[in-house]
Amino acid sequence: MKHRELSCEQVIARLFDYLDHELDDRQAAELEQHLARCRDCFSRSEFEKRLRARLADSATQPAPPQMHRRIGRLLDDFDDAPPTC
Ligand SMILES: [Zn+2]
């Protein structure tokens, strides 16, 4: 069986699934083979990886205190409101 080569378009189309670990082992291996050979796709995947790492970092940072206060106030208002039923 002839080895199936991925085109750059196919690699880019699957890149997000790859980064999300949603490809099966064979698909991931094919993609990695392409990345090992293709500089364009490799740098593209590195860029996406770094971007994701950064987004993940900012998502895990605690919410600013003002936001907590605002939510607390909303909850207080809710407690003070007369029952509606
Ligand atoms: Zn490529």
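The values are calculated or read from the model by the stated rules, or taken from the named source; none is laboratory data. Only a predicted model underlies this, so the values are computations on that prediction, with no experimental measurement involved. With ideal geometry, Cβ positions are generated from the backbone for all residues, glycine too; neighbour counts draw on all protein chains shown. The area values use the complete protein model at the heavy-atom level, side chains included, leaving out ligands, DNA and RNA. Shrake-Rupley method; radii C 1.70, N 1.55, O 1.52, S 1.80 Å.
So the values come out like this:
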{"item": "Selection from region 38-66 of residues that are open to solvent by 90 Å² or more (accessible area, probe 1.4 Å), more than 19 Å from the chain's Cα centre (by Cα) and more than 12 Å from the ligand (Cβ to nearest atom)", "result": "Q66"}
{"item": "Close pairs from region 16-36: first under 19 Å from R50 (Cα atoms) and assigned to a helix (DSSP H, G or I), partner modelled with pLDDT of 95 or more and open to solvent by 90 Å² or more (accessible area, probe 1.4 Å), Cβ under 6 Å, at least 6 apart", "result": "L35/F42"}
{"item": "Check on L19, more than 11 Å from the ligand (Cβ to nearest atom) and open to solvent by less than 60 Å² (accessible area, probe 1.4 Å)", "result": "yes"}
{"item": "Which listed residue, of I12, I71, is at pLDDT below 95, of a type outside the set (S, T, N, Q) and either in a helix (DSSP H, G or I) or open to solvent by 100 Å² or more (accessible area, probe 1.4 Å) (or both)", "result": "I71"}
{"item": "Residue count, region 22-37 (criterion: loosely packed, with under 14 Cβ neighbours inside 10 Å and aliphatic (A, V, I, L, M))", "result": "2"}
